[in-house]
Amino acid sequence: MNWENIFASRTSRMKASEIRELLKLLDQPDIISFAGGIPDPDLFPTEDFQKAFAAVLSDERQTAALQYSVSEGYAPLRQWIVSQMAKLEIECEIDNVFITSGSQQALDYLGKLFLSPGDTALVAWPSYMGALGAFNAYEPEYGRLIATGNRSAADYRQAAQNNNSRVKFAYMSVDFANPTGETMDLTSRHQLLDMADELDIAIIEDAAYQSLRYDGEVIPPILALEIARKGDINSTRTLYCGSFSKTLSPGLRVGWVCASKEVISKLVLLKQASDLHSSTITQMAIHEVASKGFDQQVAKIRSSYAARRDCMLACLEKYMPEGVTWTRPEGGMFVWVTVPAHLDGAELLAQSVKTQKVAFVPGRAFFADGSNGNTLRLSFSQADEPMIDEGIKRLGALLRSAA
């Protein structure tokens with residue numbers, strides 16, 4: 001049977017994640033990996049989760065934990081998120097919070113909610129490849145989102161019209177972005193809100209790394225800025241996507257969307273038609289652990305990751321040849337490296353794994369048009385400081401020889 005004859009047209013936009021393929025290298029003990037943006041498992045609150053699952057299955061919650069549940073999510077967890085949002089100056093109610101199976105599912109649902117084939121999604125250049133993968137299935141056009149205010153709403157509208165398209169949303173990872181590690185400044189956040197108001201589009205604020213700030217001044221989320229402007233979350237166009245993957249556990253797959261009730265009600269319908277609800281017992285365990293020690297857990301991982309970031313930046317300064325530049329993130333898990341224009345990240349990776357035993361992610365996959373091949377993403381979250389020193393030393397040697 002020729003399956004290609006009956007696959008939907010959208011499957012032509014589906015591509016394997018380069019990161020998921022690179023994760024296979026983690027099983028090779030001789031590889032120093034700066035590839036996956038993966039939390040260090042040694043920092044997981046493992047004992048807390050052991051106690052949490054045992055508690056959930058040994059008290060009055062056990063029946064509910066194993067039964068079907070509501071699509072919106074476990075109410076105590078949603079209420080805890082409401083209290084966390086308030087700390088970020090995002091005043092909301094439980095009906096403004098919707099639980100997803102990781103923030104990746106949130107991006108998929110939002111792509112499904114907003115994008116018809118040919119619609120335009122404005123994305124950063126580069127952008128989180130998981131977001132591009134989620135949106136690709138809905139066959140959009142991509143516009144380059146310039147967050148500095150150097151491009152007007154009229155320019156975005158005209159570019160879309162030239163493609164017989166309509167702009168639907170702007171997507172940004174605003175704090176310590178994946179892949180660059182960069183943070184959108186306060187002025188740019190206000191300019192993005194102005195542009196979205198003029199275009200009458202949604203803003204998808206990817207806040208997966210928001211808790212991982214190591215230094216610098218805290219900047220309010222875009223949703224908080226918009227609530228301050230408009231007075232009420234139900235009058236806003238910003239959709240805040242949060243996650244427990246980088247703070248508590250990625251394997252439990254729990255994220256959330258905080259937005260106006262009108263949007264949340266539509267997301268609930270998508271959930272009902274998709275997987276009914278996220279795992280109830282997992283949500284209960286997340287709530288048990290978060291409510292008892294979230295701030296302490298975040299403080300622990302911040303301390304470890306900050307030291308690794310500092311080590312990586314110092315090693316890049318020490319070992320990189322002339323002509324190589326990199327970002328200096330205030331948080332998150334990533335440093336973005338730009339190498340001389342004649343070099344290609346994918347070719348460098350092949351050489352690096354073969355001769356230096358060092359893995360990273362080539363940058364081309366983070367660009368909607370496949371450009372900028374002379375870039376690399378390095379993650380410092382899972383390598384200890386001696387590994388970072390040795391790995392960056394080897395990578396510097398490779399780049400010197402390639403140059």
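Each reported figure results from applying straightforward, stated rules to the coordinates on display, with no laboratory input. Since the model is a prediction, treat every value here as computed from it, not as a measurement. Cβ atoms come from the backbone with ideal geometry, glycine included; neighbour counts cover every protein chain shown.
Along the positive direction of the dipole of region 46-293 (beta-carbon charges: Lys, Arg +1; Asp, Glu -1; about the Cα centre), which of Leu186, Ala285, Ala137 reaches farthest?
Of the listed residues, the answer is Ala137.
Tally Lys and Arg at +1 and Asp and Glu at -1 over the other residues with C-beta under 12 Å from the C-beta of Ala208: what net charge comes out?
-2
Can you put His190, His277 in order, fewest other beta carbons within 10 Å first?
Working: His190 15, His277 19.
Ranked by crowding around the Cβ, least crowded first: His190, His277.
Taking amide hydrogens as modeled 1.01 Å from N in the peptide plane, which residues meet the under 5 Å criterion relative to Arg166, leaving out close sequence neighbours?
Amide H neighbours of Arg166: Thr120.
Counting only helical runs of four or more DSSP H residues, what would the 222 nm mean residue ellipticity of the chain come to if each run contributes -39,500 (n - 2.57) and the total is spread over all its residues? Working shown, then result.
Numbers: 13 runs with 167 residues, N = 403.
Per the formula, -13000 deg cm²/dmol.
Any chance you could run the full-extension gain for Asp30 through Ser9? It's 0.36 nm times the residue separation minus the Cα-Cα distance, nm to one decimal.
Values: separation 21, 0.36 × 21 = 7.56 nm, distance 4.12 nm.
So the extension gain works out to 3.4 nm.
Can you bin region 121-233 into rounded, prolate or oblate? Criterion: square roots of the alpha carbon gyration tensor eigenvalues sorted a ≥ b ≥ c, rounded for a/c under 1.5, prolate for a/b above b/c, oblate for the rest.
Working: a/c = 1.87, a/b = 1.31, b/c = 1.43.
Cα axes put region 121-233 in the oblate bin.
Loop sites only, by DSSP: take the trypsin sites (Lys or Arg not before Pro) in the chain that have at most 15 other C-beta atoms within 10 Å and name the longest stretch containing none of them.
Values: sites that count: Lys15, Arg166.
Between exposed loop sites, the widest span is 167-403.
Which of Leu115, Leu270, Leu378 moves most in a GNM of the chain, Cα contacts under 10 Å?
Leu270
From the phi of every residue in region 39-44, what ³J(HN,Hα) in whole Hz does the Karplus formula 6.51 cos²θ - 1.76 cosθ + 1.60 yield, where θ is phi - 60° and glycine or proline is x?
Here the 3J(HN,Hα) series is x, 6, x, 5, 9, 5 Hz.
By its C-alpha gyration tensor, with a ≥ b ≥ c as the square roots of the eigenvalues, how is region 132-196 shaped: rounded for a/c under 1.5, else prolate for a/b larger than b/c, else oblate? Intermediate values should be presented prior to the final figure.
On the way: a/c = 2.60, a/b = 1.23, b/c = 2.11.
Oblate is the answer for region 132-196, as a/c is 1.5 or above yet b/c matches or exceeds a/b.
Pull up the DSSP beta bridges for region 46-293 and report the antiparallel fraction as a percent, rounded to 5.
On the way: 8 of 25 bridges.
Taking every DSSP beta bridge with both residues in region 46-293, the antiparallel ones total about 30 percent.
Which value, in debye to the nearest 20, gives the size of the charge dipole of region 46-293 about its Cα centre, when Lys and Arg are +1 and Asp and Glu are -1 at the Cβ? Walk me through the numbers before you get to the answer.
Working: 21 positive and 30 negative charges, 66 e Å.
In total the dipole reaches around 320 debye.
Can you sort Asp48, Asp40 by how many other beta carbons sit within 10 Å, fewest first? Don't jump to the answer; show the numbers that get you there.
On the way: Asp48 19, Asp40 16.
Least to most surrounded, the residues fall as Asp40, Asp48.
Using alpha carbons only, how many angstrom separate the centre of region 383-403 from the centre of region 245-323?
29 Å
Which of Thr46, Thr63 comes first, and how do the rest follow, when ranked by fewest Cβ neighbours within 10 Å? Write out the running numbers ahead of the final one.
On the way: Thr46 11, Thr63 7.
Going from sparsest to densest Cβ surroundings: Thr63, Thr46.
With +1 assigned to the C-beta of every Lys and Arg and -1 to the C-beta of every Asp and Glu, and no other charges, what is the dipole magnitude of region 82-228 about the Cα centre in debye, to the nearest 20? It would help to have the intermediate numbers written out before the result.
Details: 9 positive and 21 negative charges, 85 e Å.
Value, rounded to 20: 400 debye.
Report the longest stretch of the chain that contains none of the chymotrypsin sites (Phe, Trp or Tyr not before Pro) sitting in a DSSP loop with at most 11 other Cβ atoms within 10 Å.
Working: sites that count: Phe7, Tyr68.
It works out to 69-403.
From zero up to wherever the largest Cα-Cα distance of the chain sits, split into 20 Å bins and tell me the percent of pairs in each.
26, 57, 16, 0
Just Pro329, Pro386, Pro220 to compare: in a GNM of the chain, with alpha carbon springs under 10 Å, which one fluctuates most?
Among Pro329, Pro386, Pro220, the largest GNM mean-square fluctuation belongs to Pro386.
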